[in-house]
Amino acid sequence: MTIKRLGLDIDGTVTSPKTFLPYLNSSFNKQLSLDDLTEYNLANILGIHKDEFIEWLKANEQNIYANAMIADNAHPTLEAWKGNYDLLYISARGNHLLETTRDWFNANSIPYHHIELIGKHDKIDSIKKNRVDVFFEDKHDNACAIAEECQIPVILFNTPYNQGTVPDHVSRLDSWPEARYWLQQYNKNGRA
């Protein structure tokens, strides 16, 4: 199978997994580093109730997403892919952030063909609807579920918060250049 349609998560994948740190540290008087983010649930890391975190996120998400840092080497990789692949971004962000998200993509010259903000972490229906050939993700349980349910390869960008075993269709990679190489090898050999 030749890969043509790339599905990409946004937060922690195209944006740096460090994006939230300055905001968390400032708001909650912490000195967290990426290594301290050992689980996806930030309320647990902060020692607060999830409802308190949700309220904080609602108050701050537009500013955070509008000023998000790009993941190291994501831009040149996506730029190199834009003429050869359909770049389909599928994110758990709520659709009320679509304008903010598009503005960020445009301001940072991040190429895209489609942006879909589904407001939940379960991306399987959207991936199937968009006929995605491979998905790029940072959330461990999402990566595993997508690989198993959709029977497509998934690239899981390695972070302290997504450790754990992964099924055969999930490749844990450390960087965008590794992802670029993985995709070249997959299209060349039918596997990475």
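Please go through the range 65-100 and give me each residue that is in a helix (DSSP H, G or I) and in contact with a strand residue (DSSP E or B) (Cβ under 9 Å, 6 or more places away or on another chain), ordered by number.
Across the range 65-100, the qualifying residues are 65, 74, 78, 81, 95, 96, 97, 98.
Evaluate the range 18-31: report whether one residue or more is of a type in the set (Val, Ile, Thr), within 18 Å of residue 94 (Cβ to Cβ) and surrounded by 13 or more Cβ atoms within 10 Å (Cβ to Cβ).
Yes: one or more hits.
If we keep just the residues of the range 27-36 that are in a loop (DSSP other than H, G, I, E, B) and among the polar types (S, T, N, Q), which is farthest from residue 181 (Cα to Cα)?
Looking at residues that are in a loop (DSSP other than H, G, I, E, B) and among the polar types (S, T, N, Q), I get 29.
Evaluate the following for residue 155: is it in a helix (DSSP H, G or I) and surrounded by 14 or more Cβ atoms within 10 Å (Cβ to Cβ)?
no
Exactly one condition in (1) within 30 Å of residue 134 (Cα to Cα); (2) among the small types (Gly, Ala, Ser); (3) in contact with a His (Cβ under 8 Å, 6 or more places away or on another chain) is false for residue 43; which is it?
(1)
Filter the range 116-133 down to the residues that are in contact with a His (Cβ under 9 Å, 6 or more places away or on another chain), surrounded by 14 or more Cβ atoms within 10 Å (Cβ to Cβ) and farther than 20 Å from residue 71 by Cα and list them by number.
Listed by number, the list holds a single entry, 130.
Scan the range 124-137 for residues that are within 13 Å of the chain's Cα centre (by Cα) and farther than 11 Å from residue 88 by Cβ and jot them down.
The one that is within 13 Å of the chain's Cα centre (by Cα) and farther than 11 Å from residue 88 by Cβ: 137.
Within the range 102-115, can one find any residue that is modelled with pLDDT of 95 or more, surrounded by fewer than 14 Cβ atoms within 10 Å (Cβ to Cβ) and of a type in the set (S, T, N, Q)?
So far as the range 102-115 goes, yes, one or more of its residues are modelled with pLDDT of 95 or more, surrounded by fewer than 14 Cβ atoms within 10 Å (Cβ to Cβ) and of a type in the set (S, T, N, Q).
Only one residue in 54, 127, 115, 110 is among the β-branched types (Val, Ile, Thr), in a loop (DSSP other than H, G, I, E, B) and over 22 Å from residue 163 (Cα atoms). Which one?
110
Return only the number of the condition from (1) assigned to a helix (DSSP H, G or I); (2) within 19 Å of residue 92 (Cα to Cα) that residue 39 does not satisfy.
(1) is the only condition that residue 39 fails.
Out of curiosity, is residue 147 assigned by TED's automatic domain parsing to the domain that holds residue 116, touching a Leu at 6+ places or on another chain (Cβ under 6 Å) and not in a strand (DSSP E or B)?
Taking the combined requirement at face value, the residue does not satisfy it.
Limited to the range 70-108, what total is found for residues that are farther than 26 Å from residue 125 by Cα and among the acidic types (Asp, Glu)?
Residues that pass the stated criteria total 2.
Of everything in the range 134-147 that's among the charged types (D, E, K, R) and either out of contact with any Pro (no Cβ under 8 Å at 6 or more places or on another chain) or surrounded by fewer than 22 Cβ atoms within 10 Å (Cβ to Cβ) (or both), which residue is nearest to residue 14 (Cα to Cα)?
By that ranking, first place goes to 137.
The values are calculated or read from the model by the stated rules, or taken from the named source; none is laboratory data. Model, not experiment: these values are computed from the prediction. Here Cβ is always computed from backbone atoms with ideal geometry, including for glycine, and neighbour counts include all displayed protein chains.
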